[in-house]
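The values are calculated or read from the model by the stated rules, or taken from the named source; none is laboratory data. Small disclaimer: the values here were computed from a predicted structure and weren't measured. Don't worry about glycine lacking a Cβ; one is built from the backbone with ideal geometry, like all the others, and counts go over all protein chains shown.
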Amino acid sequence: MRVHMNTAGSGIIHDSTHEIMKNYLFSEFKIGSYETELKYESILNSEVYNNCAQLMNCDPENVALFTSATDAWVSIIRMLRVKEKSEIWISDSEYAANVIYFSFLSNKYNLKLRRIPSISNFTIDLEWMRNNLSDNVSIVSITHMPSCCGIINPIEEIGELLKNKDIAYIVDACQSIGQLPIDVKKIQCDLLTGASRKFISGPRGVGFAFVSKKLSSKLSYDFFDLHVGYTDNFNKCLTVNTAKSFERSERSLVSICGFNNALKIRINDSDYNNENFVFFLEELKKIKSIKILFPDSYIQGIAAFQFKNCSASDGVKKLRDQGINLWEGTAQHTPFLSPHILHSKFVRASFDKNLSIHDIEIALNAIRKI
C-alpha cells in the first residue's frame, strides 16, 4: 500500500472508476470500438456534461471536453479576437505553458504583457488591479491555485472588479477544482479550465472548459470537426451551437467514462474541508530538517518544502522507495511566483481530504528521517 501525496500531479482513481473503465475496454474488445461508443452514448454525450456542469454550477451547453486542461485552455484562447496593442494581465501564479502561449499571442498582435503584482501572502493585489484597469486591457488571466503550492487567488473578487467590462476573464482552475468549491456564476469568468486527473481523481486524458456565452460570441473559428458540422462545395456549416462545437471528434472515450464516474463521486460529496492537510502542514513545520516554502501564506492541498540535508531529487526518491509518493517540483513551472523562494527544485506534497491521518503519520515519520 502506497501513501499517495502527488494529487497535484495526478490523483488515485476510485475502485469504481477503475471498474467502469475496465468494463468499457472489455466491451471494445468484445463488440468493437464504435459499437461500444453507441452502447455508452448517453454517458458520453449527455451525462458527463451534466455532471461537469453541476460541479461548476453552469449549464451543460457551456461545457466542452478536451484531452487536457492545457488543450482546453489553448483551444479556446487561440480563437479569441484580441485588439492590437492592448494589454494582457497575468497572475504571478500563472502556469508556464499559459505564459508561453501569451508570449506567442503578444508577438502576433503586438500586445503588452503585464504581471499583476502580488501582496505579502503572494496572492493577487486587488487594489493594484482596481487602480490600473483601463479600456486597453483585453485579457485578464488568473491561475486560481499555482501548481507549486496551495496559494488561493481571490477569483470571485476579481470577477466583481471585471464584471460589465469588455475584458476576457480567464481562470485556470486545474489545481483547485475538486478540492475547492467552484461556482462560475459567482466567479463571473468567461473561461474556466480544469483537468480530470488531479483533485477530481479521474483518469488522465481528459480536460474540460466552461465557456461563457459572452466569450463564445467573440470567438473566431479556425476549425470545427465533423461531429458538429459539415462542408458542402467548400461552404462550411456548423450544426451545433453549444460549447461542444469547440471539441474534436476523436477522444479517449474510456477516459471520459472514468471521468464521469469521478465527477459523480465528487459532486455527491459536498464536504470540501481538508482538515487532514492542515494537520500535515502543522506537523511539517515542526520538522527541523526541512524548510517550508511560503510559510506565512494560507494554503490548501499543496505544500512545498526543501530538505536541508539532501536535494529534493534524492529526498523524493528515498521516500518513493519506502512507498510514499511525493514529487520533485521545479520553479520553471511557475516562473513568476517568487523564484527566490522556490529556487530551482523543491519537494511538493499534495493530497485531498481522503488521505487518512494514519497514512499522513507514516509519511511524516519517513520525512523526519531524511
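Just a few scattered comments:
- When 127, 87 are screened for being more than 29 Å from residue 243 (Cα to Cα) and not assigned by the TED database to the domain that holds residue 330, only 127 passes.
- Counting only helices (runs of 4 or more DSSP H) that sit wholly inside segment 127-236, those with at least 2 residues that are buried (at least 19 other Cβ atoms within 10 Å of the Cβ), on the phi < 0 side of the Ramachandran plot and without any contact (Cβ under 8 Å) to a residue 60 or more places away in the chain are 155-162.
- Filtering segment 17-43 to residues that are within 23 Å of the chain's Cα centre (by Cα) and surrounded by fewer than 17 Cβ atoms within 10 Å (Cβ to Cβ) leaves only 18.
- Filter pass, residue 303 being in a helix (DSSP H, G or I), hydrophobic (A, V, I, L, M, F, W, C), closer than 20 Å to residue 174 by Cβ and touching a helix residue (DSSP H, G or I) at 6+ places or on another chain (Cβ under 6 Å): no
- Selection from segment 249-277 of residues that are farther than 16 Å from residue 178 by Cβ and among the acidic types (Asp, Glu): 250, 275
- Yes/no for residue 66 being closer than 30 Å to residue 351 by Cβ, crowded, with 16+ Cβ neighbours inside 10 Å and under 13 Å from the mean Cα position of the chain (by Cα): yes
- Residue within segment 17-32 that is in a loop (DSSP other than H, G, I, E, B) and farther than 27 Å from residue 179 by Cβ present: yes
- Qualifying residue in segment 317-330 (condition: modelled with pLDDT under 90, part of a helix (DSSP H, G or I) and surrounded by fewer than 22 Cβ atoms within 10 Å (Cβ to Cβ)): no
- Residues in segment 344-370 that are among the basic types (Lys, Arg) and assigned to a strand (DSSP E or B): 345, 348.
- Unique match (being among the hydroxyl-bearing types (Ser, Thr, Tyr) and modelled with pLDDT under 95) among 220, 212: 220
- The single residue among 355, 326, 337 that is touching a residue at least 12 places away in the same chain (Cβ under 8 Å), over 23 Å from residue 96 (Cβ atoms) and under 25 Å from the mean Cα position of the chain (by Cα) turns out to be 355.
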